[in-house]
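Here the structure comes first, spelled out in structure tokens, and everything after it is commentary.
The values are calculated or read from the model by the stated rules, or taken from the named source; none is laboratory data. Given the structure is predicted, the values throughout are model-derived calculations rather than measurements. Cβ atoms come from the backbone with ideal geometry, glycine included; neighbour counts cover every protein chain shown.
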Amino acid sequence: MTKTYKTICKKISELSDENRVQIVDLYLRYYMGSASTKVEDDLNSKSEIILLEYDGHVVGFTTLEFFEREWHSSSIKVVFSGDTIVDREHWGQQSLTFACISRMGVYKRQHPDIPVYWFLIVKGHRTYKYMPVFVKSFFPHWSYESNRLKELAEFLAIDKYGDYYNAETGVLEFPSSYGHLKDEYAHPGLNEKNKAAVRYFLEKNPNYLNGHELVCLCELDEANLKPLALRVFQKKLYME
């Protein structure tokens, strides 16, 4: 039988004890500056999780939190991305990323008349690289600045993290790490260093190895998505 990837979206409250053990184990294999209790606490603060399974085992996950805020006297919806981890043996697959984009598309269709934004804090260059691949306009970008997105990103960062947000750098500067990639997984390869997105991330967040996180934002609107992301956004590519 051919082994295939499966993505399953679950409410955090629906996770089994076995799932939780696998999630904590996977996180601590790749991240320093944390502990099982911290991972559990962070997990419980989120709304949903998308599990990546291969041959019946959890080999990756990404967490999501959905919330609403008032912005300039109007309601907005926010999809906040938490931790995303894929076991190294499964780097290169896109099933988890596509499932995440698909889930955000479903959420947008549930709220067609309200602006929806993707808010994420980025621990490493690999995550930041997804922004220019999937969306046309986002903050921060190395060649232009959107004052509208910048203002909203700062509002959301301060709302969620308070004084940890440094408005001058656009980075969350925690006094001690909330979790950062182990050294052997954190550095870009020689071919990656030539990419504009990677160079920019390293310039904007030089202390990412110490747990600092770059605040990023884009609008989840079909007009702002590049062709591949748009096709994925319009489909449901995960199980429940």
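Anything in region 196-216 that is surrounded by 15 or more Cβ atoms within 10 Å (Cβ to Cβ), of a type in the set (D, E, K, R) and farther than 22 Å from Val39 by Cβ? List them, or say none. Spell out how you get there, then give the answer.
So the first thing to find is which residues in region 196-216 are surrounded by 15 or more Cβ atoms within 10 Å (Cβ to Cβ), and the list is 197-202, 204-205, 208-209, 211-216.
Subset that is of a type in the set (D, E, K, R): 199, 204, 213.
Correct list: Arg199, Lys204.
Does region 1-20 hold any residues that are modelled with pLDDT of 95 or more, of a type in the set (A, V, I, L, M) and farther than 18 Å from Thr97 by Cβ, and which are they?
Ile12, Leu15 - these are the residues of region 1-20 that are modelled with pLDDT of 95 or more, of a type in the set (A, V, I, L, M) and farther than 18 Å from Thr97 by Cβ.
Could you check how many residues of region 217-233 are loosely packed, with under 14 Cβ neighbours inside 10 Å and either among the acidic types (Asp, Glu) or in a loop (DSSP other than H, G, I, E, B) (or both)?
Counting residues in region 217-233 that are loosely packed, with under 14 Cβ neighbours inside 10 Å and either among the acidic types (Asp, Glu) or in a loop (DSSP other than H, G, I, E, B) (or both) gives 2.
Is it the case, given these coordinates, that Lys6 is basic (Lys, Arg), part of a strand (DSSP E or B) and under 18 Å from the mean Cα position of the chain (by Cα)?
no
Which residues, taken from region 38-76, are of a type in the set (Gly, Ala, Ser), assigned to a strand (DSSP E or B) and out of contact with any Asp or Glu (no Cβ under 8 Å at 6 or more places or on another chain)?
Across region 38-76, the qualifying residue is only Ser74.
One line per residue, one yes/no per condition, for (1) in contact with a strand residue (DSSP E or B) (Cβ under 8 Å, 6 or more places away or on another chain); (2) modelled with pLDDT under 95; (3) farther than 25 Å from Asp41 by Cα; (4) surrounded by fewer than 13 Cβ atoms within 10 Å (Cβ to Cβ):
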{"residue": "Ser102", "(1), (2), (3), (4)": "no, no, yes, no"}
{"residue": "Lys160", "(1), (2), (3), (4)": "yes, no, no, no"}
{"residue": "Tyr164", "(1), (2), (3), (4)": "yes, no, no, no"}
{"residue": "Asn191", "(1), (2), (3), (4)": "no, yes, yes, yes"}
